[in-house]
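The next block holds one structure in the form of structure tokens; read it before the comments.
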């Protein structure tokens, strides 16, 4: 059986009708004066899930996280955690902890004192605090840095101290607001996998806010795409990428070519689309509800083949153009192919060989082609 993308782990309680959500946002609206930050939003998150809220700045994702933490109250609607309505419960009494983008470490305290701070506030006995701090230091691999101050640590080490402090109190839910935003690219990539391993080992529910698509795609079991305070789609990373629900989601996540056209004919599950330039596109496994009208065909650059020679007679979905621009990225090359109608299509190819005979460059004639099941039909 074919599936969309790779599956990180066999964890999918949202597919079980009998499973009860651990966190539920029910018709949540949040207004600041005349501005509506979150608009009648409903969302379910399950226990032990790594859930990502993804969207551009101002889409309402951080407001949603702050309402769950208790720093903001919804204007209307309710938030349930393990069946309990959180309205009126102050942040310090909620079984959640929040890790901020700035880390908010105490500069005058050592690493172990920072981790112990919340435990002392809760009145935990000294022996238990020492034991818990040692456990957290081991968990984030910072045992040898226990007595250092924050200014003596790297950005990645400070991030791990903040993480250890956040989970030391054993919250039921950990909220992470842009947790990797201050790290450089290489360290960010390494830390993504560390966070995933930590979440698995602790068995906690993680809710992360990010504007970084790659970060959400790497770490999360499911992603909620937000725009203007509303949920556009909730799905696994593979579903969001390979089966976006709308033009907005397709364009927001990754790079996509949107070829506008109209339905010319339908034969069973196959659809024939006439593009704006008259090009004929054959699509397999088209949605049942699409039979006529204006649509968009969405296809990712890596699904398109580029060749300096015309494909064999009978090959479906062939279009001719010229190389308008290209970018060599080391592991792959991205081509911008300008078609006869002026539309530019992006295609990418892995540089799997060091040397090649058929090198394409600027202004070369080129043919693009793609399989009938390589893209998806969008009606909105």
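A few remarks follow.
- Fully extending the segment from residue 143 to residue 357, taken as 0.36 nm per residue of separation minus the present Cα-Cα distance, adds 71.7 nm.
- Shape category assigned to region 314-380 from the gyration tensor of Cα positions, a/c cut at 1.5: prolate
- Within the listed set 162, 353, 52, the residue fluctuating most in the Gaussian network model of the chain (springs between alpha-carbon atoms under 10 angstrom) is 353.
- Average projection area in nm² (convex hull over Cα atoms of the chain, one quarter of hull surface): 24.0
- Normalised contact order of region 124-249, rounded percent, pairs of Cα under 8 Å and 6 or more residues apart: 16
- The GNM of the chain, with springs linking C-alpha atoms under 10 angstrom apart, assigns the highest mean-square fluctuation among 118, 88, 60 to 88.
- For the chain, built as a Gaussian network whose Cα springs stay under 10 Å, the top-fluctuating residue of 336, 108, 211: 108
- Normalised by residue count, region 51-203 yields a Cα convex hull volume of 132 Å³ per residue.
- Against the main long axis of the alpha-carbon atoms of the chain, helix 111-121 sits at an angle near 70°.
- FRET efficiency estimate (nearest 0.05) - Cβ-Cβ, residue 315 to residue 288, R0 35 angstrom: 0.80
- Spin-label zone in region 53-76 - amide nitrogen under 17 Å from a point set 7 Å from the Cα of residue 248 along the C-beta vector: 53-64
- For residue 35 and residue 117, the FRET efficiency from 1/(1 + (r/R0)^6), where r spans their Cβ atoms and R0 equals 30 Å, is about 0.30.
- Label point at residue 131 placed 7 Å out along Cα→Cβ; residues across region 162-180 whose backbone nitrogen lies under 18 Å: 168-171
- The mean sequence distance of close C-alpha pairs (under 8 Å, at least 6 residues apart), as a share of the length of the chain, puts its relative contact order at 15 percent.
- R0 of 25 Å, Cβ-Cβ distance residue 172-residue 238: FRET efficiency to nearest 0.05: 0.35
- Semi-axes of the equivalent ellipsoid for region 29-96, computed as √(5λ) from the eigenvalues of its C-alpha gyration tensor and ordered from largest down, come to 19, 16, 11 Å.
- Rg/Rg_globular for region 255-373, with Rg_globular taken as 2.2 N^0.38 Å and Rg from C-alpha atoms: 1.11
Rule-based calculations on the coordinates, nothing more; no lab input. These numbers were taken from a predicted model, which means no experiment stands behind them. Please note: Cβ atoms are built from the backbone with ideal geometry, for glycine as well, and neighbour counts cover all protein chains shown.
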